[in-house]
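Here's the structure we're looking at; comments come further down.
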Amino acid sequence: MTSALILVDLMPRIVALPVAPHSGEEVLARCRRLADAFRAQGRPVVLVRVERPNVAEQPPGSGFADGLVRPGDLVVVKRTVGAFHGTGLHEQLLARGVDTVVLAGLVTTMGVESTARAASDHGYEVEFVADAMSGFAADEHEFTVKRIFPRFGAVHDTAAYT
């Protein structure tokens with residue numbers, strides 16, 4: 001079994017949003033730890049960011065958080081909520097022998113959940129790192145982590161991977 005870590009939308013303008021129950025900076029710090037652990041084990045790290053379609057210039061803070069991307073990481077630019085549609089992510093994961101995706105990032109009920117649903121549709125085993133993601137509201141995040149995500153896969157904390 002080969003697992004890949006998929007980190008969603010860790011961009012300065014999204015990390016700065018008022019999210020809960022964990023701040024964007026807390027999520028980013030945990031995601032950095034996860035990425036380091038996956039890299040140390042030779043497992044793929046996928047970094048996903050969004051670009052607004054049909055605009056001449058992306059808003060400030062649309063790149064990845066400083067120092068997040070490392071050599072060997074797979075970088076995906078999406079133009080929809082989830083990371084699979086129109087990005088070639090599925091093909092990239094297949095080429096690396098990935099059958100399990102571990103999801104973290106921002107925002108729980110948007111990019112993370114949309115990516116999880118598509119991953120499940122593509123036949124991947126799905127795992128979630130609950131304390132390495134956050135929502136627009138704490139209750140929305142908690143509901144999703146406790147009631148929705150377990151229907152798609154296992155829910156863990158950062159400590160399970162680091």
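The values are calculated or read from the model by the stated rules, or taken from the named source; none is laboratory data. Treat the numbers as computed from the prediction; the structure is a model and nothing was measured. Quick reminder, even Gly has a Cβ in these numbers, built from the backbone with ideal geometry, and neighbours come from all protein chains shown. For the accessible areas, the whole protein counts, side chains as well, though only heavy atoms, and no ligand, DNA or RNA atoms are used. Shrake-Rupley method; radii C 1.70, N 1.55, O 1.52, S 1.80 Å.
Some notes on this structure:
- Amide H partners (placed H, <5 Å) of residue 133, local residues excluded: 105
- With bins 10 Å wide beginning at 0, the percent of Cα pairs of segment 4-60 falling in each bin runs 22, 43, 28, 7.
- Sulfur and carbon atoms: percent of accessible area, the chain [1.4 Å]: 51 percent
- Pairwise centroid distance, computed over Cα atoms, of segment 131-157 with segment 2-34, Å: 14 Å
- Remark: segment 117-133, residue by residue, has Karplus-estimated 3J(HN,Hα) of 4, 5, 4, 4, 4, 7, x, 7, 6, 10, 10, 10, 10, 4, 8, 10, 8 Hz, where x stands for each Gly or Pro and the curve is 6.51 cos²θ - 1.76 cosθ + 1.60 at θ = phi - 60°.
- Compactness of the chain, expressed as Rg and Dmax over alpha-carbon positions, Å: 14.3, 42
- Shape category assigned to segment 97-148 from the gyration tensor of Cα positions, a/c cut at 1.5: prolate
- Excluding ligands, DNA and RNA, the accessible surface per residue across the chain is 46 Å² with a 1.4 Å probe.
- Per-residue ³J(HN,Hα) for segment 14-31, Karplus 6.51 cos²θ - 1.76 cosθ + 1.60, θ = phi - 60°, Hz, x for Gly and Pro: 8, 4, 7, 5, x, 10, 8, x, 10, 5, x, 5, 5, 4, 4, 4, 5, 5
- The H on the amide N of residue 154, modeled in the peptide plane, is under 5 Å from the matching H of 126, 128, each at least 5 residues off or on a different chain.
- In sequence order, calculated HN-Hα J values of segment 47-55 (Karplus, 6.51, -1.76, 1.60; Hz; x Gly/Pro): 10, 10, 9, 9, 10, 6, x, 6, 10
- Each Lys or Arg adds one and each Asp or Glu subtracts one; over the other residues with Cβ under 13 Å from the Cβ of residue 114, this totals 0.
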